[in-house]
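One structure coming up, written as structure tokens, with questions to follow.
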Amino acid sequence: MTTLRATGTTPQNAKADALVVAVAAAPEGGTAQVLDADALPRGLRTTLAGVLTGLGVTGAADEVRRIPTAGELTAPVLVLTGVGRVGAGGPDPEALRRAAGAAVRELAGTSSVALALPAATVEQAAGVAEGALLGAYAYRVYRRRTAASARAAVEHLELLTALHRDRDLAARLERAAVQARAVTGTRDLVNAPPVDLYPESFAEAALEQSKGLPVKVTVLDEAALAAGGYGGLIGVGQGSVRPPRLVKVAYAPRGARTHLALVGKGITFDSGGLSLKPPAGMEAMKSDMAGAAAVLQTVLAVARLGLPVRVTGWMALAENMPSGTAQRPSDVLTTYGGRTVEVLNTDAEGRLVLADALVAAGEEEPDAIVDVATLTGAQVVALGARVSAVMGDDEAFTARVLAAARRAGEQFWPMPLPEELRASMDSPVADIANIGDRKGGMLVAGLFLREFVARRGGKGAPADAPRIPWAHLDVAGPAFNEGAPHGYTGKGGTGVAVRTLLALAEDLADA
């Protein structure tokens, strides 16, 4: 695990393999500018002023350039990382996260890095620390003969700031380390090949990683799921030789007044089942459990931080495979709680396992429920590969989730749940069908999930009672980066939603 410490060392004297400074993009007609350049030796400032344009340095986000320091600094290499255009108050925390993350990601294979980015406030310093830790990631588990060429993540980070003795900053750095551990843990699970990560081994990982933390882990195997009537998990998982699991990780500190339930889709590999995906559509389907991974790691992070809020994570785990025992289009299954579903498309399986878990979560009558899922290709069509969707019918709670995402630096966008689309899931033989109108498929999936969110007041609640505040996060595109690395995000699993969920838990803890 990468380590980070804050220090008051000057940029000139920082003992590291590389020193990172920020470059702001030029205003129209101007030139790029090194921020906090006065902290650098005069000779180096003069050199930079003369070569930035010639080197093509623009200060744009994701731009990282290295130049030798020629003895002007203790560090042999100076790294220029772009923060984009900045206002009078300097770069915001997210710009600093991305700039620090891009630099540290590019410096993989380097042992130590000193960060001399703007850190005059606790928010700025924390942004630099968070981005650097998020950028310090490399997945090398399966490297053998190519291990030497696969650069390891930076080992040691040093944050240069006048606030190095500030207690508030110390707390934020501790939080940054816990958050990075959670994001890294999520990425590791998402990047693991499905031959090794399947429902049972995921459950074992949850048990192992929970050791020593004040959480209780409960695992329902296929026999318990069948006996309990979890028809969604059983139906989706019955085509695989590796049976499904439902994992519950509960953190319940004394005195907690608020209970947040998190539900994660955990399809460890999605072939589409008998509604088989084309080969190219399966290449990234080991990532279809990213929601469950984010839920697990968020609960563990909340426990590590000792937040005074009760958080329960539910991970609905199954492998969706075609076989002679797989569920068929037109089958009817009975989900946990008794609602029947006509399965018209076996590739719309995530909502089936989430249905079971949402009902189970609702039985505990939490104050709020959030589900996280790589649910629909329609999300990618609508919002692309970097912006996730948020749906819900409690406007105040949806706004709270979006506010948490903004604070965390994750991109989420509110999407509607149009009532007129609900009728497209009416079934002639069951309570509901698992697909409806293809136009607005992301929204239809959200409406399907809403059917399984409990109403306030428990089982005896009237049919028109308001539902427990609920938000659905569709992270289908952002959960797995198939494109070029950017900011603190490399290729593969991204760990999306962990930061938002952790910020939401903190928000509820303070309520």
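Find all pairs meeting these conditions: Cβ atoms under 8 angstrom apart; at least six residues apart or on different chains; first residue within segment 48-68 and in contact (Cβ under 8 Å) with a residue 60 or more places away in the chain; second residue surrounded by 13 or more Cβ atoms within 10 Å (Cβ to Cβ) and part of a strand (DSSP E or B).
ALA61/GLY82; ALA61/VAL83; ALA61/GLY84; ASP62/GLY82; ASP62/HIS486
Taking interchain pairs and intrachain pairs at least six residues apart, which have beta carbon atoms under 7 angstrom, with the first residue in segment 109-120 and touching a residue at least 24 places away in the same chain (Cβ under 8 Å) and closer than 20 Å to GLY89 by Cβ and the second buried (at least 23 other Cβ atoms within 10 Å of the Cβ) and hydroxyl-bearing (Ser, Thr, Tyr)?
ALA119/THR161
Identify, please: which residue in segment 17-52 is more than 33 Å from the chain's Cα centre (by Cα) and in a loop (DSSP other than H, G, I, E, B) and is, among those, nearest to ALA129 (Cα to Cα)?
LEU40
Let me ask you something else. For a quick check of your reading of the model, give me the residue pairs whose first member lies in segment 495-509 and is under 17 Å from VAL387 (Cβ atoms), whose second is in a loop (DSSP other than H, G, I, E, B), with beta-carbon atoms closer than 6 Å and at least 6 apart or on different chains.
VAL496/VAL475; VAL496/PRO478; VAL496/ALA479; ALA497/VAL475; ARG499/GLU410; THR500/GLU410
Given the conditions (1) assigned to a helix (DSSP H, G or I); (2) under 18 Å from GLY477 (Cα atoms), report the number of the one that ASP371 does not fulfil.
(1)
Residues are listed down the side, and each one gets a yes or a no for (1) out of contact with any Cys (no Cβ under 6 Å at 6 or more places or on another chain); (2) modelled with pLDDT of 95 or more; (3) of a type in the set (Val, Ile, Thr); (4) not assigned by TED's automatic domain parsing to the domain that holds GLY458:
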| residue | (1), (2), (3), (4) |
| --- | --- |
| VAL359 | yes, yes, yes, no |
| GLU363 | yes, yes, no, no |
| THR374 | yes, yes, yes, no |
| VAL381 | yes, yes, yes, no |
| ASP393 | yes, no, no, no |
| ALA405 | yes, yes, no, no |
| GLY409 | yes, yes, no, no |
| GLY440 | yes, yes, no, no |
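Does VAL311 satisfy the criteria of being among the aliphatic types (A, V, I, L, M) and touching a Phe, Trp or Tyr at 6+ places or on another chain (Cβ under 8 Å)?
Against the criterion (among the aliphatic types (A, V, I, L, M) and touching a Phe, Trp or Tyr at 6+ places or on another chain (Cβ under 8 Å)), VAL311 qualifies.
Spot the failing condition for GLY483; the list is (1) under 30 Å from ALA129 (Cβ atoms); (2) outside any loop (DSSP other than H, G, I, E, B); (3) of a type in the set (Gly, Ala, Ser); (4) assigned by TED's automatic domain parsing to the domain that holds ALA361, and only one is missed.
Exception for GLY483: condition (2).
State yes or no: is ASP347 buried (at least 17 other Cβ atoms within 10 Å of the Cβ) and over 27 Å from TYR198 (Cα atoms)?
No; evaluated as a whole, the condition is false for this residue.
Taking ALA511 as meeting all but one of (1) over 20 Å from ALA399 (Cβ atoms); (2) in a loop (DSSP other than H, G, I, E, B), write down the number of the exception.
So the condition that ALA511 fails would be (1).
Return the only residue of ALA100, ALA177, ALA108, ALA152 being over 25 Å from VAL299 (Cα atoms) and assigned to a helix (DSSP H, G or I).
None of the other options fit; the residue is ALA100.
Considering only residues that are over 29 Å from the mean Cα position of the chain (by Cα) and assigned to a loop (DSSP other than H, G, I, E, B), look in segment 411-436 and name the one that is surrounded by the most Cβ atoms within 10 Å (Cβ to Cβ).
Taking the candidates together, the pick is ALA430.
Filter segment 145-179 for residues that are loosely packed, with under 13 Cβ neighbours inside 10 Å and of a type in the set (A, V, I, L, M, F, W, C) and give the result.
Within segment 145-179, ALA147, ALA148, ALA162 qualify.
Step by step: first the residues of segment 1-16, then only those that are assigned to a helix (DSSP H, G or I) and of a type in the set (S, T, N, Q), then the one that is surrounded by the most Cβ atoms within 10 Å (Cβ to Cβ). Which residue is that?
The qualifying residue surrounded by the most Cβ atoms within 10 Å (Cβ to Cβ) is GLN12.
Hey, can you tell me all the residues within segment 10-57 that are among the basic types (Lys, Arg) and either on the phi > 0 side of the Ramachandran plot or at pLDDT 95 or above (or both)?
Once the filter is applied, which keeps residues that are among the basic types (Lys, Arg) and either on the phi > 0 side of the Ramachandran plot or at pLDDT 95 or above (or both), segment 10-57 yields only LYS15.
Does segment 223-237 hold any residues that are on the phi < 0 side of the Ramachandran plot and either surrounded by fewer than 20 Cβ atoms within 10 Å (Cβ to Cβ) or part of a strand (DSSP E or B) (or both), and which are they?
Selection gives ALA223, ALA224, ALA226, ALA227, GLY228.
Among the numbered conditions (1) surrounded by fewer than 24 Cβ atoms within 10 Å (Cβ to Cβ); (2) under 23 Å from GLY231 (Cβ atoms), tell me where ALA373 comes up short.
Result: ALA373 passes all but (1).
Out of segment 429-438, which residues are without any contact (Cβ under 8 Å) to a residue 24 or more places away in the chain and over 15 Å from LEU375 (Cα atoms)?
ASP437
Can you pull out the residues in segment 111-140 that are outside any helix (DSSP H, G or I) and more than 15 Å from ALA14 (Cβ to Cβ)?
PRO118, ALA120, THR121, ALA136, TYR137, ALA138, TYR139, ARG140
If you take the residues of segment 482-509 that are touching a Ser or Thr at 6+ places or on another chain (Cβ under 8 Å) and among the hydrophobic types (A, V, I, L, M, F, W, C), which of them is nearest to VAL190 (Cα to Cα)?
Result: VAL496.
Would you pick out the residues in segment 416-438 that are charged (D, E, K, R) and modelled with pLDDT of 95 or more?
Within segment 416-438, GLU419, GLU420, ARG422, ASP426, ASP431, ASP437 meet the criteria.
The values are calculated or read from the model by the stated rules, or taken from the named source; none is laboratory data. Everything numeric in this text was worked out from a predicted model, so none of it was measured. Reconstructed Cβ throughout: ideal geometry from the backbone, glycine too, with neighbour counts over all protein chains shown.
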